[in-house]
Amino acid sequence: MHHMHGGHDSERKPFNARMFMRLMRYLSPYRWWLVGSLSALVIAAAAAQAGPYLFGMAIDRFINPAESAQVLTMQERLSGLGFYAILFIASLVITWLAEYGETYCMSWAAQNGIFDLRQGLFRHLQRLGLKWYDSRPAGVIMSRVTNDVQTLDELLSAGLTTVLGDLVRLGVIVAVMLTMNARLALASFITVPPLMLMAFYFRPRILQAHREVRTRVAEINANLQESISGVRVTKSFAREEENFAAFDLRNRGNFDATVAAEFLMSIFQPGVMFIGALGTAVVLWFGGSMILRESIFGMQVGTLGPGTLAAFLVYVQRFNHPLQNLSNFYTQMQSAMAASEKIFAVMDTEPEVQDAPGAITLPAIRGAVEFREVDFAYDGEHLVLEQANLSVASGQTVALVGHTGAGKSTMINLLCRFYDPVAGQVLVDGHDLREVTTYSLRAQLGIVLQDTFLFSGSVRENIAYGRPEATEAEIVEAAENVNAHAFIERLPEGYDTPVGERGGNLSVGERQLISFARALLRDPGILILDEATSSVDAYTEILIQRALDVLLHDRTAFIIAHRLSTIRNADLIVVVKDGRIVQRGTHDELIASGGHYAELYGAQFDAESGPRG
Amino acid sequence: MKTIWRLLGYLRPYLGWLILSNVAMLGLVVMSFAIPWLTRYVIDVAIIAEQSALLLPLSLGVIGAGILHGGMFFVRRYSSAIIGQRVIYDLRNELYRHLHALPFSFYDRSKTGEIMSRVTQDVETMRRFLAFGLVNLVRSVVMSVGILFFLLFINWRLTLVVLITVPPLVMTIRAFATQVRPMYRRVQEELAGLTAVLQENIAGLRVIRSFAQEELEVEKFVEQHQRYLAHNLRTIRRWSFFFPLMNMITAMGTVIILWYGGSEVIRGNMTLGWLVAFNQYLALLLGPLRMLGWLVNLTERASASATRVFELLDTRSDILEISNPIRMPTARGDVQFSNVHFAYDSGGDSVLRGISFHARPGETVALLGATGSGKSTVVNLIPRFYDPNRGRVLIDGRDVRRFAIEDIRRNVGIVMQETFLFSAPIAENIAYGRPEATMEEVEAAARAAQIHDFIMGLPQGYDTVVGERGVGLSGGQKQRVAIARALLLNPPILILDDSTSSVDVETEHLIQRALAHVMRGRTSFVIAQRLSSVREADQILVLDQGRIVQRGTHRSLIRQEGIYREIHLLQSGDASSISEEVYRRARTKALEVGGKEAR
């Protein structure tokens, strides 16, 4: 029953130097922090390798000195040992402080760089037009600013330093081992190829398996979400058993995927540990032979102190971590490349509606609106509005009627300049909308949408949304004029009552009245109203109608009308059909002349023996 | 603790696996001991005592131990993963079934998000505990206690001296947990806040653009973004202080082994081999110890999660089937309410106060009244979504509580106030109540609901996926799909709750036509705000505050003084003709209603 679109895990793209440099530019204001971090990183990586070396040296020189060496008294041996121990402590403290500095400086640079990037992205999103938004689900846009930025954050604040640190660490370990005893070092390196093989074979597969698990979990969660939301339907159709079967299938899929991933982990982890044991065995055998001056395969392998052997036992285990990290880094870089590509693609998109060079500020709107031979297509190809001509005098109320998809909303979108026409002109007070600044136009429009959207914040903030500087008296007056004051006063905290997400704690009617107040407070030159279709009870309906009268009084208004009373009271009814204006006139004229309007609304009147409220 | 035991009870069917896992764990601990021990033997015996013949066999012994260790590790890890995953599989299915057994009243009280967080996040925490936490908890304890005694036996002085690193280590781990974890949570909260701002920004796009308030939005975003940045940096600073500190304290143990252990070797109280082995054992001791903090935390969280999940599982449905219920393949459609009282919360306000009426087979009953008058409640009692507190609801002359619940619901088709479609092809949505229906039946239902033509116009026709993750349908389209879905059941009793509320004029017209057609021959209950949709009913019941205040047909009611005539007056007049008195009454009435609806 339930269809899933698998969890969209981050994609991967090959390394792209130009993109990487563009990303790095966000760090350049913080380059001194980077320099600090890198210096600390080198110190930390080097200091961390001092321990085993000091341990080994202390053994060979003082704890178990070679018989050939200069004979020391016990006191000399003990104080020599103490000296090495203090050096050891010093190296640990240095490591700690250097790691602290390294991480902190890097995070400072990365976090600030990412901050700037996200800020730039958000600002750009505010400029992009509705067309861009229309063609993408909100979730996808969200994930640009959240997940994709997060991926880059991980690369910059952790990935890069980890990999640099690991390279330095590996280098230092190899160098120290070679200096201590080149032959034993070369023998120990035998564990490196299998470790690399394990890392580069298993790691990508494990990551893939975990991605699969996440996808399956996402499927389960999506199924649960839908099952819970739809539980009333399920129960009323007595469909529980079928749903159990569907859920069980997903549950089992998740089980299988998890067990498969665990299988890989269960091989990989002990495998790596086994290579560790192998390293120990090699060092013991080879190193032991050197100490005993035994020959291996008939070759003399040289001489060695047991302390060096002890140090090697530690070093040989230290290859593992850096190699694991390096194998992860590759994937991380690929994900980051995919994320940057997507982010930069957004940032490189030019807004489709832009102020023309030399656009003027639209003077105070008087309210004359004209559509002059307007063509429009959302996709640039299929016209949804064709040769629209309309002239509206200041102060008129225009009702747009017609089927869903006929082109009513398009006309309003063009008037707000959410889009530009493909051909023709839209004019307000004789100004082509393309010749005025978008801000000066919209700042003078009042728009009430069908689906009332309220912001989280107080009732007051919502009413004052279009005019944040409005005084308390103005806000209350606006609310009173649209019949909203009385119910607002009755809310637990009056005008300070927080409005939940999308206004969830208010009724539909209340939300509409607040959006009326919001529009009225702005005192717009032109009012645009997409009438709500959702029915409210008869009493609230009356309040809304009264509020409408106030709102429409003495200003040009464009209404996508659903209430017959609104349509009847309009100065001009514009009937839109299949992207064309087919009829215009008053209600009586249009009923009298027959045609599309009479078909649509005449039937309605007959059926109800009178207009509906 | 009781919760944890109950959770462990789920392990019972997998006892064999559990034993295997623990045996492997013990073997693993033994093998962990072996490698340092062999190392020590090589150094002391083969190298220092120069018994060179032992060198190769002992080195091979290390490899052998490595192989055994690896094998044990595999068995332990894989088996415990299987156990944990099986248990969670069982638990998820149990939860899923239970969620479907819970009554409507439970869903009235609970938010979807809260239920979701229990069945997803809480279950995930429990899974982590069962798959990793439990087995590592046992291993950590066995391992650290075992090694501790072993080391005390080898050299108790050195062991005690090394142990002085443990208190500062534990303190640091605790400080890390108490300071850094809450800071992390805070960062997560700030990030969630940032996501919320963003989400609102996208959802409110048109409002923002039309009010030209982009700058205000940027300000909101910057403010929240800066808070996130500040908390993030603060947390990283604390973290990058503590984390290397823990490493340093751990490494201090090695310094002590070198310094004190070295002097023991110099004094001849210990051999060099043990000195080297001691260092390896120390890592085996401190590793589990460092993990213990995380494990204890995981156990606590799993316990809290289990409490919430079990609480959900222990919630019992109050709509229960009697034993030996009456089976009813097809009802005649006679519905009777006899003095029904009902309140959503026991002891709360009564929503229905003595409702009585009788709908004969094939009749249409319209329910009318303001929001909160009890209309929806009345129809919710018919398919037994709730049981009345007093009085009886009868179908075909028998109390609904005596029927099998499945039978009642198969006989009652409902089109709910809020239409919910599943993310599935339209055909599947229409066949929701009868998955075995043929395509012809589905199409016939869609035709009757006046939605067939629309569906055929979609690019993928009946295969078009709708719902949350599919193509968005308008309110009217969704409603017609829901009507088709109810019709396919061919129910003798049909309930249409406010089914024409959120559609435009043309669609309403379509739906009216669809309904007139499908109500024929069924007992139908219609709830509507608009009088136009109830005029043809055989009975009209006008409800006010849980009582039937008027009943009759349109013709009779329109002649009576009362609510019905008042609403009729309100709805047929246009705004300008409404008298001041009606307007004033509307203001007070709307206030009462709005208050009831929203709060």
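Within the set of other residues whose C-beta is less than 12 Å from the C-beta of B:LEU295, count the net charge using Lys and Arg as +1 and Asp and Glu as -1.
+3
So, counting K/R as plus one and D/E as minus one, what does the shell of residues with Cβ under 11 Å around B:GLU124 add up to?
It works out to a net charge of +4.
When the dipole is taken about the Cα centre of chain A, and only Lys, Arg (+1) and Asp, Glu (-1) are charged at their Cβ, what size is it in debye, to the nearest 20?
Around 2480 debye, computed over chain A.
Between B:PHE243, B:GLN213, B:THR553, whose Cα lies farthest towards the positive end of the dipole of chain B when Lys and Arg beta carbons carry +1 and Asp and Glu beta carbons carry -1, centred on the Cα centre?
Of the options given, the answer is B:PHE243.
Pairs of alpha-carbon atoms within less than 8 angstrom and 6+ residues apart define the contacts here; what relative contact order does the stretch B:153-270 have, in percent?
Answer for the stretch B:153-270 is 48 percent.
What does the extension gain come out to for B:THR307 and B:SER117, with contour length at 0.36 nm per residue minus their alpha carbon separation?
Gain in length upon complete extension: 67.1 nm.
Only bridges whose two residues both fall in chain B count here: according to DSSP, what percent of them are antiparallel, nearest 5?
50 percent
When only C-alpha pairs under 8 Å and at least 6 residues apart count, what is the relative contact order of the stretch A:359-506, in percent?
About 23 percent, as a whole number.
Any idea how far apart A:ARG293 and A:VAL140 come out in nm if each label point goes 7 Å out from Cα toward Cβ?
Spacing of the two 7 Å Cα→Cβ label points: 7.6 nm.
Could you pull the accessible area for A:LEU449 with a 1.4 Å probe, rounded to 10 Å²?
It works out to around 50 Å².
Pairs of alpha-carbon atoms within less than 8 angstrom and 6+ residues apart define the contacts here; what relative contact order does the stretch A:370-608 have, in percent?
Here the relative contact order equals 27 percent.
Count the net charge of all other residues whose Cβ sits under 13 Å from the Cβ of B:ASP345, scoring Lys and Arg as +1 and Asp and Glu as -1.
Neighbourhood net charge equals -2.
At B:ARG237 and A:PHE83, where each label point lies 7 Å from the Cα along Cα→Cβ, what is the point-to-point distance in nanometres?
About 4.1 nm separates the two model spin labels.
Work out the charge dipole of the protein assembly as shown with +1 on the Cβ of Lys and Arg and -1 on the Cβ of Asp and Glu about the Cα centre, then indicate which of B:ILE563, B:ILE48, A:TYR30 is farthest towards its positive end.
With unit charges placed on the Cβ atoms, the residue in question is B:ILE48.
Roughly how many debye, to the nearest 20, is the charge dipole of the stretch A:397-509 about its Cα centre, given +1 on each Lys and Arg Cβ, -1 on each Asp and Glu Cβ, and no other charges?
I would put it at about 480 debye.
Just counting partner chain Cβ atoms within 10 Å, what average do the residues of peptide A:132-139 show around their Cβ?
2
Evaluate the charge dipole of the protein assembly as shown about its Cα centre and quote only its size in Debye, nearest 20, assuming +1 on the Cβ of each Lys and Arg and -1 on the Cβ of each Asp and Glu.
3860 debye
Lysines within cross-link reach of A:LYS577: Cα-Cα under 21 Å, excluding same-chain residues under 8 positions apart?
Hits, sequence-local ones excluded: A:LYS408.
Would you tell me the mean number of C-beta atoms belonging to other protein chains that fall within 10 Å of each C-beta in B:512-522, as a whole number?
Shielding by partners across B:512-522 averages 0.
For B:ARG360, what accessible area in Å² do you get when you roll a 1.4 Å probe over the heavy atoms of the protein chains, rounding to the nearest 10?
120 Å²
What FRET efficiency would be calculated for the residue pair A:THR331, B:ASP108, taking the C-beta separation as r and a Förster radius of 56 Å, to the nearest 0.05?
0.75
At A:TRP32 and B:GLU536, where each label point lies 7 Å from the Cα along Cα→Cβ, what is the point-to-point distance in nanometres?
Modelled inter-label distance: 8.2 nm.
What value, in deg cm²/dmol to 500, does the helix sum -39500 (n - 2.57) over DSSP H runs of n ≥ 4 give at 222 nm once divided by the residues of chain A?
The helix contribution divided over chain A gives -18000 deg cm²/dmol.
Pick out, from A:SER515, B:VAL276, B:GLY461, the residue whose Cα sits farthest towards the positive end of the charge dipole of the protein assembly as shown, with +1 on the Cβ of Lys and Arg and -1 on the Cβ of Asp and Glu.
B:VAL276
Write down the percent of antiparallel bridges among all DSSP beta bridges whose residues are both part of the protein assembly as shown, to the nearest 5.
55 percent
Enter the accessible area of B:GLU124 (Å², nearest 10), with the probe set to 1.4 Å and all protein chains included.
60 Å²
Please arrange B:ARG402, A:ARG467 by accessible surface area, largest first, computed with a 1.4 Å probe and ligands excluded.
Output order, biggest surface exposure first: B:ARG402, A:ARG467.
Report the residues of the stretch B:400-442 in range of a label on A:PHE244: point 7 Å along Cα→C-beta, backbone N strictly under 19 Å from it.
Correct set: B:404-410, B:433-436.
Based solely on its DSSP helices, what 222 nm [θ] is calculated for chain B when runs of n ≥ 4 H residues each add -39,500 (n - 2.57) and the sum is averaged over all residues, nearest 500 deg cm²/dmol?
It comes out at -19500 deg cm²/dmol, rounded to the nearest 500.
Please arrange A:PHE329, A:PHE247 by accessible surface area, largest first, computed with a 1.4 Å probe and ligands excluded.
Output order, biggest surface exposure first: A:PHE329, A:PHE247.
Can you give the translational diffusion coefficient of chain B in µm²/s, computed by Stokes-Einstein from the Kirkwood radius over Cα pairs at 20 °C and 1.002 mPa s?
In µm²/s, the coefficient rounds to 69.
For the stretch B:352-402 and the stretch A:39-81, what is the separation of their C-alpha centers, rounded to whole Å?
90 Å
Quick check: the angle from helix B:505-519's long axis to the longest principal axis of chain B, C-alpha only, nearest 10 degrees?
The angle comes out near 80 degrees.
Using only Cα atoms, locate the centre of the stretch B:155-199 and the centre of the stretch B:97-116, then give the distance between them in Å, rounded to an integer.
36 Å
The values are calculated or read from the model by the stated rules, or taken from the named source; none is laboratory data. Fair warning: this is a prediction, and the values are worked out from it, not measured in the lab. Glycine gets a Cβ as well: all are built from the backbone with ideal geometry, and neighbour counts include every protein chain shown. Note: accessible area is taken over every heavy atom of the protein model, side chains too, but ligands, DNA and RNA are not part of it. Shrake-Rupley method; radii C 1.70, N 1.55, O 1.52, S 1.80 Å.
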